[in-house]
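Participant: One structure follows; several queries about it will come next.
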Amino acid sequence: METMLPQKQAEEAIVASLNETESEVGGVREEEKELQDHSGFSIKNLLWHGGSVWDAWFSCASNQVAQVLLTLPCSFSQLGMLSGILLQIFYGIMGSWTAYLISVLYMEYRARKEKENVSFKNHVIQWFEVLDGLLGPYWKAVGLAFNCTFLLFGSVIQLIACASNIYYINDHLDKRTWTYIFGACCATSVFIPSFHNYRIWSFLGLGMTTYTAWYLAIAALVHGQAENVTHTGPTKLVLYFTGATNILYTFGGHAVTVEIMHAMWKPQKFKYIYLLATLYVFTLTIPSAAAVYWAFGDELLNHSNAFSLLPKNGFRDTAVILMLIHQVIGMHDTKSICLRALARLPVVIPIWFFAIIFPFFGPINSAVGALLVSFTVYIIPATAHMLTYRKASARQNAAEKPPFFMPSWTAMYVFNAFIVVWVLVVGFGFGGWASMSNFIKQIDNFGLFAKCYQCKGPAPPAMAAAPPPHHHNH
């Protein structure tokens, strides 16, 4: 959420690509333009963040995982191998479904507005506008509040992750000092232009996470099982739900779904892209988490960052550096309207403050997953879809009918209701209880403003570290 996290929202690029296309969905001019754009090879075509299906896929996949990769092995130690794999698949599919719902609501909003002759030629549609247009100002306020808070804490997690990672290359400075340094870099980065107008960043971002995931898997297998390794998870309910909530967070990288769609020449093609991106993400998250858990077992309960257990060598240092670069790109990417200020001082200061006061890489991810991602990514889109199509006339005139595998509107309604109830009870309810209990336990063990969270030395009396999110990384 990934990191999950403040994620790539290439507004200037989107506007630029929109200027070159006709705003009508599926219009003839649009198709002609698309053909022209792909007809000639040029460096600009290669690097510029275009609106093709591939661009959208790269954006979704590179947004979905980042730092959360490093915390998933810890989640597996809390959940056990079987639950860890099954919950990844479960939340991955559920996340893809709600991303699909967001795309349907976007198409509905756009179709209604275009009937009123509204042009989106020079305007980037944001998610909260979709909520406002379909359901009214209260929904807009709720959507905006959750999204902004989610992106704010996503940035906090990224900052904590940067300090946690760099420590494993240079441990002469403690993690808190590294947080000060990265916070200062963030504050000065206000003056650096955003590079994200170029599709090459999505490509590189995905390359970096792919390298790191396979480094984790291969390094764990080469290392082999640690001496006297044990795999006792799951042992405690509080740890089980903490780990489950981190996985819920992992597949919650939709903060920018609407902006990615809007950048496409043919937004109606977006429907299944998020699912295809998630299927690729499974090839990164499942093998790496399973291999590291196999190698280190219960030791991971007190090591929420997988780098901390793997031997220091050039491959590990490369992975650390790539994850840092991925984070820096992520910090520049957040350009949503509410967080256009993200890289500006008034917002950087609280991010810095929270990262220093709660440096719990892992547990903080689960807390954000339970309290924010559960609503932003799962409950709000599913409820909004049910309310938008509650009347027969709305269903009859819907821009998008139910997909081929859903036999009827009733089936969709039932499935959406299941998601709302499940995430409310399991994600927000049990997950909130478990992740906050674990979070408070970290404060009791390490204190606020901890100088070096989970550094070398005797392991603290454990209630395990909760894994970090993601971007999610969105």
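The values are calculated or read from the model by the stated rules, or taken from the named source; none is laboratory data. Worth saying up front: this structure is predicted, and the values here are computed from it rather than measured. Note that each Cβ is placed from the backbone with ideal geometry, even for glycine, and that neighbours are counted across all protein chains shown. The protein model used for the area step is the full one, side chains on, heavy atoms only, and it has no ligands, DNA or RNA in it. Shrake-Rupley method; radii C 1.70, N 1.55, O 1.52, S 1.80 Å.
Participant: Go through the residues of the stretch 301-314 one by one and say whether even a single one is closer than 20 Å to Ile200 by Cα, assigned to a helix (DSSP H, G or I), out of contact with any Asp or Glu (no Cβ under 8 Å at 6 or more places or on another chain) and modelled with pLDDT of 80 or more.
Facilitator: Within the stretch 301-314 (the criterion being closer than 20 Å to Ile200 by Cα, assigned to a helix (DSSP H, G or I), out of contact with any Asp or Glu (no Cβ under 8 Å at 6 or more places or on another chain) and modelled with pLDDT of 80 or more), the answer is no, since none of the residues qualifies.
Participant: Check Phe150 against each of (1) open to solvent by less than 10 Å² (accessible area, probe 1.4 Å); (2) over 28 Å from Ser304 (Cβ atoms) and name the one condition it does not meet.
Facilitator: Result: Phe150 fails condition (2) only.
Participant: Give just the number: which of (1) open to solvent by 10 Å² or more (accessible area, probe 1.4 Å); (2) over 17 Å from the mean Cα position of the chain (by Cα) does Ile125 not satisfy?
Facilitator: (1)
Yes/no per residue for (1) under 21 Å from Val65 (Cα atoms); (2) out of contact with any Phe, Trp or Tyr (no Cβ under 6 Å at 6 or more places or on another chain); (3) modelled with pLDDT under 95; (4) in a helix (DSSP H, G or I):
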{"position": "Ile89", "(1), (2), (3), (4)": "yes, yes, no, yes"}
{"position": "Ser96", "(1), (2), (3), (4)": "yes, no, yes, yes"}
{"position": "Tyr100", "(1), (2), (3), (4)": "yes, yes, yes, yes"}
{"position": "Asn117", "(1), (2), (3), (4)": "no, yes, yes, no"}
{"position": "Val124", "(1), (2), (3), (4)": "no, yes, yes, no"}
{"position": "Tyr138", "(1), (2), (3), (4)": "no, yes, no, yes"}
{"position": "Ala145", "(1), (2), (3), (4)": "no, yes, yes, yes"}
{"position": "Ser164", "(1), (2), (3), (4)": "yes, no, yes, yes"}
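Participant: Of the residues Ala319, Ala226, which is part of a loop (DSSP other than H, G, I, E, B), touching a Phe, Trp or Tyr at 6+ places or on another chain (Cβ under 7 Å) and over 25 Å from Ile93 (Cβ atoms)?
Facilitator: When all the criteria are applied, what remains is Ala226.
Participant: If a residue has to be surrounded by 18 or more Cβ atoms within 10 Å (Cβ to Cβ) and either in a loop (DSSP other than H, G, I, E, B) or at pLDDT below 50 (or both) to count, how many in the stretch 436-474 make the cut?
Facilitator: Number of matching residues: 16.
Participant: What is the residue count in the stretch 377-387 for residues that are closer than 19 Å to Phe241 by Cβ and crowded, with 24+ Cβ neighbours inside 10 Å?
Facilitator: 2
Participant: Is it the case that some residue within the stretch 45-65 is more than 25 Å from the chain's Cα centre (by Cα), at pLDDT below 95, over 30 Å from Thr242 (Cβ atoms) and open to solvent by 10 Å² or more (accessible area, probe 1.4 Å)?
Facilitator: yes
Participant: Let me ask you something else. Find the helices (runs of 4 or more DSSP H) located wholly in the stretch 355-409 whose residues include 1 or more that are in contact with a strand residue (DSSP E or B) (Cβ under 9 Å, 6 or more places away or on another chain), and list them.
Facilitator: The helices (runs of 4 or more DSSP H) meeting that bar are 363-368.
Participant: Evaluate the stretch 212-221: report whether one residue or more is crowded, with 24+ Cβ neighbours inside 10 Å and modelled with pLDDT under 85.
Facilitator: no
Participant: Follow-up question, since we're still on this one. Return the pairs, sorted by first residue and then second, in which the second residue is open to solvent by 60 Å² or more (accessible area, probe 1.4 Å) and assigned to a helix (DSSP H, G or I), the first residue lies in the stretch 265-291 and is within 27 Å of Gly80 (Cβ to Cβ) and touching a residue at least 12 places away in the same chain (Cβ under 8 Å), the beta carbons are less than 7 Å apart, and the residues are 6+ apart or on different chains.
Facilitator: Ala290/Met81; Ala291/Leu221
Participant: Taking Cys74 as meeting all but one of (1) touching a Pro at 6+ places or on another chain (Cβ under 9 Å); (2) free of Cβ contacts under 8 Å to residues at least 12 places away in the same chain, write down the number of the exception.
Facilitator: The one condition Cys74 does not meet is (2).
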